[in-house]
C-alpha cells in the first residue's frame with residue numbers, strides 16, 4: 001500500500017467529516033432524517049477519498065464507484081424528503 005499525499009483529498013476528507021458530524025447532530029437534536037442521510041452520504045464520500053489517499057483507488061475502483069453512487073442516491077433521497085415535507089406543510 002502506497003500512501004499518496006494529496007492536499008485536495010485531505011481537505012475533502014475534513015469537510016466530509018464535518019458534514020457527517022453536523023448531520024448526526026441535527027438528526028439527534030431535531031429528528032431530521034434528511035440530515036442523517038446527507039451525513040451518511042458524505043461519510044461514503046470520505047471513505048472514497050481515504051481509499052484514494054491510501055493508493056487503493058485502482059484496486060478498489062468498483063467499491064469506490066458503488067460508494068459514490070450510493071452517496072449520491074442518499075443525497076437525492078434526502079432532498080426529496082425535504083421537498084415533500086415542504087409540500088405537506090403547505091397543505092395544512
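Listed values, structure above:
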{"item": "Residue exposure sequence - 64, 15, 7, 44 - by fewest surrounding Cβ within 10 Å", "result": "7, 15, 64, 44"}
{"item": "Rounded to 10°, Cα long-axis angle of helix 33-53 versus longest principal axis of the chain", "result": "10"}
{"item": "Quotient of Cα Rg and 2.2 N^0.38 Å for segment 7-91, N being how many residues it contains", "result": "1.24"}
{"item": "Estimated FRET transfer efficiency when R0 is 30 angstrom, pair residue 58-residue 84 (beta carbons, to 0.05)", "result": "0.15"}
{"item": "Between 0 and 90°, nearest 10: helix 61-91 axis offset from the chain longest Cα axis", "result": "10"}
{"item": "Using alpha-carbon coordinates, inclination of helix 7-30 to the longest axis of the chain, degrees", "result": "30"}
{"item": "Simple label model, 7 Å out from Cα along Cβ direction - residue 76 to residue 15, nm", "result": "2.3"}
{"item": "Mean separation of Cα contacts under 8 Å, 6 or more apart, over the residue count of segment 7-91: relative contact order %", "result": "30"}
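Readers should treat all values here as calculations from the given coordinates under stated rules, not as data from a laboratory. Computed from a predicted structure; not experimentally measured. Heads up, the Cβs are rebuilt from the backbone with ideal geometry, glycines too, and the neighbour counts pull from every protein chain shown.
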